[in-house]
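Inspection log for the structure reproduced underneath, given as structure tokens.
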Amino acid sequence: MLLCALLAAALMFADHRLTRMEAVRAQLSTVVAPIQWLVSVPSDVLTWGSLALSEQRALVEENRRLREQLLHLSHRVQRMSSLVAENVRLRELLDAGSRHDVPYITAELLSLDADPFTFQMVVDRGRRDGVYVGQPVMDASGLVGQVTAVSAFSSRVLMLADASHALPVQVNRNGQRFIVQGAGEYDRLDVLHVPDTADIREGDLLVSSGLAGRFPPGFPVARVSEVVHDPGQPFAQVTAEPAARLQRSRHFLLLFPPGPEPEAPPKSTDGSGTGDERAAAEEDA
């Protein structure tokens, strides 16, 4: 036990002081990936067993609910198609650029961090799938967080609820922009530096603004749950509830938002032009 404690202390010291430990951690994550997969097998087996042993009545009831949900979603899709077509026409009138879908890959939860003071998880996609550090992650309801470490077969994701995570958002109703930071709780986020006179209300949807360049704009982040005005303070206390189901989701989407456009080559100010332009001019001469 003493030897293990000394070894753990040495590894923590090396991880804190040496930058080369990042590569070592990535290699160790690759080695541990099969173990993480094996740990998730019992849960998958139990899930399969519960589905296989479900009563017929429960299956019929679930089927009925899914049919009603499908009908409701079909109605929304029809309405959305009309709105999308109208939006395209308006953007054409304004000569605005078209918006493209963000490509993605699916991922499944492998494990959660055992540390109660951090909110991180490990998913079953890694470097071989094109995952990179800083990649946005979302579930069926909203943004979950971003990738912070990548190995060959798995990746570590920092969730929105972690106190060290923050991202720029805007109120979907009026476009006002704020910063949302994790509060160390799964069901709570803090909206920072909200002026007491700002137009923000309970129930407002907060979406990603895209200003930081990491999260694509327009994805649901949270919904305002409480706004407290203190007459003696310049800022209101605003809390929000994450749109994503951080404690319940097992399947996620890893987004591949488009990167920044490449910068155009600088134009010469002395009239001589670039090398290619000068070569073309000499050939013409």
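Quick notes
- Residue match in segment 161-183 (condition: loosely packed, with under 15 Cβ neighbours inside 10 Å, in a loop (DSSP other than H, G, I, E, B), of a type outside the set (A, V, I, L, M, F, W, C) and without any contact (Cβ under 8 Å) to a residue 12 or more places away in the chain): yes
- Residues in segment 95-112 that are among the hydrophobic types (A, V, I, L, M, F, W, C), in a loop (DSSP other than H, G, I, E, B) and either closer than 18 Å to TRP37 by Cβ or at pLDDT below 75 (or both): ALA96 alone.
- Considering residues of segment 148-180 that are within 23 Å of PRO217 (Cβ to Cβ) and among the charged types (D, E, K, R) only, the residue farthest from the chain's Cα centre (by Cα): ARG173
- Only one entry in TRP48, TRP37 is without any contact (Cβ under 8 Å) to a residue 24 or more places away in the chain, within 23 Å of HIS251 (Cα to Cα) and either touching a Pro at 6+ places or on another chain (Cβ under 7 Å) or of a type in the set (Phe, Trp, Tyr) (or both), namely TRP48.
The values are calculated or read from the model by the stated rules, or taken from the named source; none is laboratory data. Predicted, not measured: the structure shown is a model, and the values here were computed from it. Don't worry about glycine lacking a Cβ; one is built from the backbone with ideal geometry, like all the others, and counts go over all protein chains shown.
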